[in-house]
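Here the structure comes first, spelled out in structure tokens, and everything after it is commentary.
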Amino acid sequence: MKTNVISKPNLIVAKNRQKEVTNFHYLDNTVSDFIKEYAKGKFYFIRTYGCQANVRDEETMKGILELAGFTLVDEEKDADIIIINTCAVRENAEDKVYGEIGNLKGLKSKKKDLVVAICGCMVEQPEILNKVLEKFPHISLVFGTHEIQNLLGYIEEVIRTKTRLIAVESKQGDVYEGLPACRNNKHKAFVNIIYGCNKFCTYCIVPYTRGKERSRHFDDIIKECKDLVDNGYKEITLLGQNVNAYGKDLDEGKDFSDLLESVAKLGIPRLRFTTSHPWDFSSKMIDVIAKYPNIMKFIHLPVQSGNDEILKLMGRRYNSKQYKDLVDEMKKKIPGLALSTDIIVGFPNESEEQFLDTIEMVKYVQYDSAFTFIYSPRFGTPAANMKDDVPYEVKSKRFIQLVNELEKSVSASSERMVDKIYDVLVDGLSKTDSNMLSGYTESNKLVHFKGDETLAGQIVKVKIIKSKTYSLIGELVNE
Ligand code: SAH
Ligand code: SF4
Ligand code: F3S
């Protein structure tokens, strides 16, 4: 198959943060006659890996494809277009994708016109893109995180010319408004408020794959949230790699606390936000969270490490004392606050003492939940060039020690909820037990309980009867 290269990624360009104005594009989503005709009776499948940014991108791609007339299917084998939306944050995320793409080879050989597309953060890395192109000749379309709005144009080109198409441009990034979305959940919605990241933590690939921090206009976000409230949504999660930086790049005189307050006032029953960077978290934001009952008392506040030297090498821009002071202020001002975090074990050359500072931090904060990772070198990031003399077995041992330590506070936090009654937003039937419903408390704890499926999307009272550490068992309280 011939290859048409529109653009390829470049890490030096991806790193650029020279001040340039963000272009805002307001799209009207016209679909070409060719695609309208082609899409009739055609099916698509999307598999998404990675964070909420990718999940929200999936919803946009679904919106675009549905608008054109394609229909979603649950299995790859029934699809005419397969999109694999990838994540590059750690090596194991990438390995899963290689497995998945390899499995599609057989399908392509049976169905010659099948379009196999790969997009997302993995293909933003030049080495990975080249590897993928070489290893998997059955991939016919590759596009990056900045190109989603062109999806239909690319599909048309691939089908018309029977040519493999590569469109992955490294850039600081624009903002696209008006793209359709087909949301995955009828009650809970993700709303992007800021794209990209400027933090460049030394271990992290995200700033290279997602471009610069660029906020959406305040009014555009409010409009999207208002539409969700009007359509009966029960929960909005404001999304960004670093939501607390919202507005810094605009001259609208609004920051994250202003936005949070305005969205809370729209009357959405539950308002959440993620992810918070400790560096940008102001007292004003804490005050707004404390003031509005519909802003959930749950903050995901990645700490990454409890040791000051490691934090410095990671480029996190805070030390352990500043982090603890922030947590103290939050807990003081927000009664009943639940905290979660991300922690990386085994950053290059992390010593036993440095690791024990992380254990100490975990003991201090008493997290309600946490995500833990073993450091994974990402090509092109500064940390990947650091000498690392810590054997993997040592890292694994520390990882287990950390998980065990976290389990104590997570378990205590769940145990404290037993015999008490909480509001739970019902998701629907439990994925693991179809006799049970599942939903989340305001503090983001997963609860399983017996009840009628028609309760999906409602906020109900549930009495917690048992803790299973990472989830809870409850029973409906009849009012
Ligand atoms: N913007 C968010 C999320 C970034 S990715 C934030 O700053 O918190 C989610 C988590 O993945 C990070 O918090 C970090 O703990 C982890 N992570 C990122 N790069 C990693 C790497 N190279 N190895 C291991 N974990 C990593
Ligand atoms: Fe990655 Fe750091 Fe940005 Fe989070 S803040 S996305 S960890 S560079
Ligand atoms: Fe993964 Fe990209 Fe998100 S690397 S974590 S999908 S921003």
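The values are calculated or read from the model by the stated rules, or taken from the named source; none is laboratory data. Given the structure is predicted, the values throughout are model-derived calculations rather than measurements. Glycine gets a Cβ as well: all are built from the backbone with ideal geometry, and neighbour counts include every protein chain shown. When the accessible area is computed, the model is the full protein with side chains, heavy atoms only, and any ligands, DNA or RNA have been set aside. Shrake-Rupley method; radii C 1.70, N 1.55, O 1.52, S 1.80 Å.
Remarks
- Residue match in region 332-352 (condition: within 16 Å of ligand 2 (Cβ to nearest atom), more than 20 Å from GLN401 (Cα to Cα) and in contact with a helix residue (DSSP H, G or I) (Cβ under 8 Å, 6 or more places away or on another chain)): no
- Within the option set ASP80, ASP113, ASP74, being in contact with a Leu (Cβ under 8 Å, 6 or more places away or on another chain) and assigned by TED's automatic domain parsing to the domain that holds GLU58 holds for one residue only, ASP80.
- Scanning region 368-382 for residues that are away from ligand 2 (no atom under 14 Å from the Cβ) and either in the same structural domain as CYS121 (by TED's automatic domain parsing) or closer than 26 Å to LYS331 by Cα (or both) gives ASP368, SER369, ALA370, THR372.
- When restricted to residues that are among the polar types (S, T, N, Q), touching a helix residue (DSSP H, G or I) at 6+ places or on another chain (Cβ under 7 Å) and not in a loop (DSSP other than H, G, I, E, B), region 432-469 contains 1.
- If only residues of region 106-164 that are basic (Lys, Arg) and touching a strand residue (DSSP E or B) at 6+ places or on another chain (Cβ under 9 Å) are counted, the one that is modelled with the lowest pLDDT is LYS108.
- Only one of the numbered conditions (1) more than 16 Å from ligand 2 (Cβ to nearest atom); (2) more than 30 Å from SER7 (Cα to Cα) is violated by PHE256, and that is (1).
- Checking each residue in region 286-314 for being surrounded by fewer than 16 Cβ atoms within 10 Å (Cβ to Cβ) and part of a loop (DSSP other than H, G, I, E, B) picks out TYR292, PRO293.
- Within region 8-29, no residue that is without any contact (Cβ under 8 Å) to a residue 24 or more places away in the chain sits with its Cβ atom under 6 Å from a residue that is in a loop (DSSP other than H, G, I, E, B) and open to solvent by less than 70 Å² (accessible area, probe 1.4 Å) at 6+ positions apart or across chains.
- Subset of region 52-91 (residues that are touching a residue at least 40 places away in the same chain (Cβ under 8 Å) and assigned to a loop (DSSP other than H, G, I, E, B)): ALA88, VAL89, ARG90
- Single condition GLU329 does not satisfy, out of (1) without any contact (Cβ under 8 Å) to a residue 60 or more places away in the chain; (2) open to solvent by 40 Å² or more (accessible area, probe 1.4 Å); (3) under 18 Å from GLU353 (Cβ atoms): (3)
- Of all residues in region 106-162 being open to solvent by 10 Å² or more (accessible area, probe 1.4 Å) and of a type in the set (Gly, Ala, Ser), the one that is nearest to the chain's Cα centre (by Cα): GLY153
- Hits in region 270-283 - residues which are within 23 Å of GLU235 (Cα to Cα) and open to solvent by 50 Å² or more (accessible area, probe 1.4 Å): none
- Identity of the residue in region 375-423, assigned to a loop (DSSP other than H, G, I, E, B) and closer than 30 Å to PRO293 by Cβ, that ends up least open to solvent (accessible area, probe 1.4 Å): MET417
- Total residues in region 22-51 satisfying the condition of being more than 16 Å from ligand 1 (Cβ to nearest atom) and not in a helix (DSSP H, G or I): the figure is 19.
- When the criteria are applied in full, GLY428 meets the requirement of being under 27 Å from THR237 (Cβ atoms), in a strand (DSSP E or B), among the small types (Gly, Ala, Ser) and open to solvent by less than 30 Å² (accessible area, probe 1.4 Å).
- Selected residue (only one of ILE128, ILE159 is in a helix (DSSP H, G or I) and within 16 Å of ligand 1 (Cβ to nearest atom)): ILE128
- Any hit, region 438-447, residues being among the basic types (Lys, Arg) and free of Cβ contacts under 8 Å to residues at least 60 places away in the same chain: no
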